[in-house]
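Notes follow once the structure below has been shown.
The values are calculated or read from the model by the stated rules, or taken from the named source; none is laboratory data. If you're wondering where the values come from, they're calculated on a predicted model, not measured in any experiment. Cβ placement follows ideal geometry from the backbone for every residue including glycine, while neighbour counts extend to all protein chains displayed. Only protein heavy atoms, including side chains, enter the accessible area calculation; ligands, DNA and RNA are left aside. Shrake-Rupley method; radii C 1.70, N 1.55, O 1.52, S 1.80 Å.
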Amino acid sequence: MKQKAVFNWSGGKDSALALYKVLQSEQFDVVSLLTTVNKSSKRSSMHALPISLLHAQADSIGIPLYLIEFDPEEETRGYEECMLQAVNHFKKQGVNKFIFGDIFLHDVRSYREKQLTPYGIEVVEPLWDKTTAEIMDEFLQSGLKTVVVTTMANLLGKEYIGRLIDQSFVNELPKCIDVCGENGEYHTFCFDGALFQHPVEYKLGEPFEFSHTINMDDGTQQVFTYWFANIN
């Protein structure tokens, strides 16, 4: 009997590959995709994808989408409250597995487990324990189609915005960049391939530069600058 699970969906390439592998394994009954959305911008918290495109992805995949809005001003506490809301919602449906598309960030996985294990939710990571080079090879072989929508400006220039993730993209990445962008070097939008019943239509605007200030754990503030293209 398949185990009921919720897939934490970012809309990007690693998330798409992880879900693709999960569905191929036929081990889990994925009852819903779960995405946290910025209450102010109405875009996903990770990849800044608009709600309309998140729904379009879910419709093409054929799995319902469950959205939770959080207040970015509340930072970590707001996110944790959102996840607790999701846990309470899905436990009523018999779900005890939350699936993520992380690769090697141990602090992120430990944080997820710390937050979810006390509520009887097991964290599942289909891409875990592989190198990012291996993950990228799997992605390219899967035929999933993904476009770059955000880059860290000090690492990748605006010429990378709008690039499709293919072998040419991989070959041209600077050596200092993780090939999967696991350290936040770039973010993507997945729109076609075996996971989808039909391509997801989208429009990408002109790249522009913006900065974001983050409160660090040591009490300091750090400014991060990105190239970003509005996607709709």
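Rolling a 1.4 Å probe over the protein heavy atoms of segment 3-93, with every protein chain left in place, gives an accessible area that is 47 percent carbon and sulfur. Loop-located GluC sites (Glu not before Pro) across segment 178-219 with a Cβ neighbour count of 14 or fewer within 10 Å are GLU201, with loop assigned by DSSP.
The string of couplings for segment 46-63 from the Karplus curve (6.51, -1.76, 1.60, θ = phi - 60°) is 8, 10, 6, 8, x, 4, 4, 6, 4, 5, 5, 4, 4, 4, 6, 6, x, 10 Hz, one whole number per residue in order, with x for Gly and Pro. Computed over the chain with a Gaussian network model linking Cα atoms closer than 10 Å, the most mobile of SER32, SER60, SER168 is SER168.
The residue list GLN3, TYR79, ILE135 was ranked by how far each Cα lies along the charge dipole of segment 1-141 toward its positive end, using unit charges on Cβ atoms, and GLN3 comes out on top.
Note down the relative contact order for the chain as a percent, whole number, built from C-alpha pairs under 8 angstrom at least six residues apart. For the chain, the relative contact order is 21 percent.
Around the amide H of LEU49, modelled in the peptide plane, lie the amide H atoms of SER44, all under 5 Å away and 5 or more residues distant in sequence or on another chain.
Restriction of the GluC sites (Glu not before Pro) in segment 1-95 to DSSP coil positions whose beta-carbon has at most 10 other beta-carbons within 10 angstrom yields GLU26. In a reduced charge model with +1 at each Lys and Arg Cβ and -1 at each Asp and Glu Cβ, segment 65-147 shows a dipole moment near 400 debye about its Cα centre.
Using a probe radius of 1.4 Å on heavy atoms only, what accessible surface per residue do you get for the chain? Whole Å² is fine. I get 50 Å² per residue for the chain.
Lys and Arg at +1, Asp and Glu at -1: add these up for the other residues within a Cβ distance under 15 Å of ASN232 and post the number. Here the count lands on +1.
In the chain, the sites counted are trypsin sites (Lys or Arg not before Pro) in DSSP loop states with at most 15 other Cβ atoms within 10 Å, and the longest stretch holding none of them, exclusive of the sites, is 43-91. Looking at the chain, send over the antiparallel percent of its DSSP beta bridges, to the nearest 5. Here the antiparallel bridges make up roughly 55 percent for the chain.
Annotation for PHE224 and GLU69: the two label points, set 7 Å from Cα along the Cα-Cβ direction, are 2.4 nm apart.
In this structure, the residue pairs whose Cα-Cα separation is over 25 Å, taken from LYS4/LYS39; LYS2/LYS91; LYS13/LYS175; LYS42/LYS97; LYS4/LYS145; LYS39/LYS175, are LYS4/LYS39; LYS42/LYS97; LYS4/LYS145; LYS39/LYS175. Assuming charge only on the beta carbon of Lys and Arg (+1) and of Asp and Glu (-1), the dipole of segment 111-232 about its Cα centre is about 280 debye to the nearest 20.
Between PRO199, PRO207, PRO174, the residue with the greatest mean-square fluctuation in the GNM of the chain (Cα pairs under 10 Å linked by springs) is PRO174.
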